[in-house]
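The values are calculated or read from the model by the stated rules, or taken from the named source; none is laboratory data. Source: prediction; values computed, not measured. Note: ideal-geometry Cβ built from the backbone for every residue, glycine included; neighbour counts use all protein chains shown. Keep in mind that these areas ignore ligands, DNA and RNA; they rest on the heavy atoms of the full protein, side chains included. Shrake-Rupley method; radii C 1.70, N 1.55, O 1.52, S 1.80 Å.
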Amino acid sequence: MSMGSDMYREQILDHYKNPRNYGELEDPSFSHVGENPMCGDEIRVDVTLEDDDDTIEYVSFVGDGCAISQASASLLSQKLPGMSLDELEGMDRDDVTEMLGIDISPMRIKCAVLAEKVAQDGAKIYRGEKELDKTSTED
């Protein structure tokens, strides 16, 4: 194992134990929830947009789950502010694995992308492009 991967593993554990932007926003532009039923991960993402109704201003999350799902949500909450909704919707699993900095096994990829998928679906619902009560990584 290289020193670089050790550093990323420590980063994941730090974000899991000390999540950034954890909690609910008081008056978000949109909120959405999702789950990874195979692992038991659950996340709610709150997003506040700037006055242009397109630029992400604040992101917070609450949830429970494995270290990878919670660290991914924490890291994503730091990455998204300043991005447009189109940029959010253009993200894919490679963006998430790059953000985490480690190779994710096929069994754990659903844990890693849960927060991203919840935020993306929340944006689509906000824009009126999708109707969905809850995001699931099994869909």
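Data overview
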{"quantity": "Gained length - GLN78 relative to ASN18, 0.36 nm times residue gap less alpha-carbon distance", "calculated": "20.3 nm"}
{"quantity": "Calculated from backbone phi, Karplus (6.51, -1.76, 1.60) coupling profile of region 81-90 in Hz, x at Gly/Pro", "calculated": "x, x, 7, 7, 4, 4, 5, 4, 5, x"}
{"quantity": "Total formal charge among the other residues, if their Cβ is under 13 angstrom from that of ASP86, Lys/Arg +1 and Asp/Glu -1", "calculated": "-4"}
{"quantity": "Net charge of Cβ neighbours under 11 Å - reference THR97; Lys, Arg +1; Asp, Glu -1", "calculated": "-4"}
{"quantity": "Volume of the Cα convex hull of region 26-81, divided per residue and given in Å³", "calculated": "70 Å³"}
{"quantity": "Nearest-20 debye value, the chain charge dipole, Cβ charges on Lys, Arg, Asp, Glu", "calculated": "680 debye"}
{"quantity": "Cα pair distances exceeding 28 angstrom across the chain, given as percent", "calculated": "12 percent"}
{"quantity": "Principal-axis tilt of helix 109-126 within the chain, Cα atoms, nearest 10 degrees", "calculated": "10 degrees"}
{"quantity": "Label-to-label distance, nm, for residues given as LYS130 and ASP54 (7 Å Cα→Cβ offset)", "calculated": "2.0 nm"}
{"quantity": "Top of ARG108, ARG44, ARG20 by mean-square fluctuation, Gaussian network on the chain, Cα under 10 Å", "calculated": "ARG108"}
{"quantity": "Estimated 222 nm signal from helices in the chain, with DSSP H stretches of n ≥ 4 weighted -39500 (n - 2.57), rounded to 500", "calculated": "-13000 deg cm²/dmol"}
{"quantity": "Within-14-Å neighbourhood charge of ASN36 [Cβ basis; K, R +1; D, E -1]", "calculated": "-2"}
{"quantity": "Distance in nm between pseudo-label sites at GLU98 and GLU138 (7 Å out along the Cβ direction from Cα)", "calculated": "3.2 nm"}
{"quantity": "Within the accessible area of the chain (1.4 Å probe), percent carbon and sulfur", "calculated": "45 percent"}
{"quantity": "Two-site FRET efficiency, SER105 against ASP6, from Cβ-Cβ distance with R₀ of 22 Å, rounded to 0.05", "calculated": "0.80"}
{"quantity": "Angle in degrees between helix 67-79 and the longest Cα principal axis of the chain, rounded to the nearest 10", "calculated": "50 degrees"}
